[in-house]
Every structure is written in C-alpha cells, then in structure tokens.
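Structure first, then comments.
The numbers here are math on the coordinates, done by the rules we state, and not lab data. A quick note: this is a predicted structure, and the numbers were derived from the prediction, not measured. Positions of Cβ are generated from backbone atoms using ideal geometry, with glycine treated the same way; all protein chains shown enter the neighbour counts.
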Amino acid sequence: MRTLRLSSPLVILAVAAAGLALPGCSSMPSFGPSEPPPPAAAPEAPSKYAPEEIIGRWGLASYQRDQDRARTETQARVQCRQPYVIAKGPTGGVMMHLPDQRAPSELRLKGSPGGKNYIGPPGEPGGSALDREILSFDGRVLVTRYVDPDAGSRYGNMVYVRCAPRA
C-alpha cells in the first residue's frame, strides 16, 4: 500500500479544491428559520425651524432656575456687544459650539416624531448627548438645553437673544 505525504501534489490539489468548494456552501439555501432583515432607519423628521431662522448674531447667557429667565434675557441682550455668531454650515446646517469645544461644528436642526426639535450632530433627534433640545423659539429669543444631564447641569438653559442689526 502506498502512503501519501503531505507535500504530495495530490494532497495539495485536494486541499485546494476543498478550499474553493467551501465558500460555495454559504450560498446554498437554508431550510431553517431565517432572521428577518433589519428595519430600515426612519427618515429624519424635519425641524419646524429652518437654519436661516437661527443664523445671525446673538447675545448669549444661561440660567438654571425658571424664575431667572427674564433677568437672563436682559443679560443676553447686553452680550450683543460681543455677539455669539451662528453661521451657515458648508452643507446647510448651522455652525455652533458643542460642549467643551473651542471650535464650532456644523450641526443640524432635527425634528422628532413627538414634536420636539433639536440642534445637534446628524443622527437620531435627541439620541446624542451632544444634542440640545429647543425649549422655545419665537424668532427673537431661542432657549435650548443639552440632552446630556452633565452638560445640561453645567451649561443650564442657554438663552440666545437676537442682536439688532447694525445701523
């Protein structure tokens, strides 16, 4: 009887043929239960606010307690001497600062199925710790709060008061 050595051409050829045949097994139909495909991502709901509505020069201040809101709006108006500028982003968003960041980032205005509106990086509305919820906006005063509890407690309710255009 003849024994085959591992370096025999027949053994090498058999191993190579088996290696080529195995990937084909994965394309064979399975007869067991299969997993359904993952659901498609829900399309982003548009915000009820357009980026053009918040682009501009703003006085900025913040408060923690609701009873301090009126006083904080007055303080924000004073800050128009050194306004916080919200610019248009290169892809249609708005340029604003994220918590603890020196440079502004392009953020999106996002709506949610529940009717809340957010400003934040692309993704699920309110799903990022970097999102801030728009608590109120009347065209002149914008009030936001970070979704992240830590950032929300450090920054409070951010009050942006639109600065009057220069004469």
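Amide H to amide H, with H built 1.01 Å from N, CYS163 comes under 5 Å of ARG57, TRP58, GLY59, counting only residues 5 or more places away or on other chains. Qualifying trypsin sites (Lys or Arg not before Pro) in the stretch 51-99, where qualification requires a DSSP coil assignment and no more than 15 other C-beta atoms within 10 Å, comprise ARG65. Summing charges over all other residues whose Cβ lies under 13 Å from the Cβ of ILE134, with Lys and Arg as +1 and Asp and Glu as -1, gives +2. Computed on the stretch 45-162, the Cα convex hull volume stands at 100 Å³ per residue. Amide H to amide H, with H built 1.01 Å from N, HIS97 comes under 5 Å of SER105, counting only residues 5 or more places away or on other chains.
Under a point-charge model restricted to the Cβ atoms of Lys and Arg (+1) and Asp and Glu (-1), what is the dipole moment magnitude of the stretch 45-162 relative to its Cα centre, in debye to the nearest 20? Display every interim value, and only then the final one.
Values: 17 positive and 13 negative charges, 82 e Å.
Once rounded to the nearest 20, the dipole reads 400 debye.
Report relative contact order for the stretch 54-167 in percent, whole number only (criteria: Cα-Cα under 8 Å, sequence separation at least 6). Mind showing how you got there, number by number?
On the way: 233 pairs, mean separation 30.0, N = 114.
Answer for the stretch 54-167 is 26 percent.
Cross-link partners for LYS48 among the aspartates and glutamates, with Cα-Cα distance under 19 Å and sequence neighbours closer than 8 places in the same chain left out: GLU106, GLU124, ASP131, GLU133, ASP138. Judged by the gyration tensor of its Cα atoms, with axes a ≥ b ≥ c, the stretch 95-145 is oblate; a/c meets the 1.5 cut and b/c is at least as large as a/b. Across the stretch 100-115, coupling constants 3J(HN,Hα) worked out from phi with the 6.51/-1.76/1.60 Karplus curve, θ = phi - 60°, read 6, 10, 7, 9, x, 10, 7, 10, 10, 8, 10, x, 10, x, x, x Hz, and Gly and Pro carry x.
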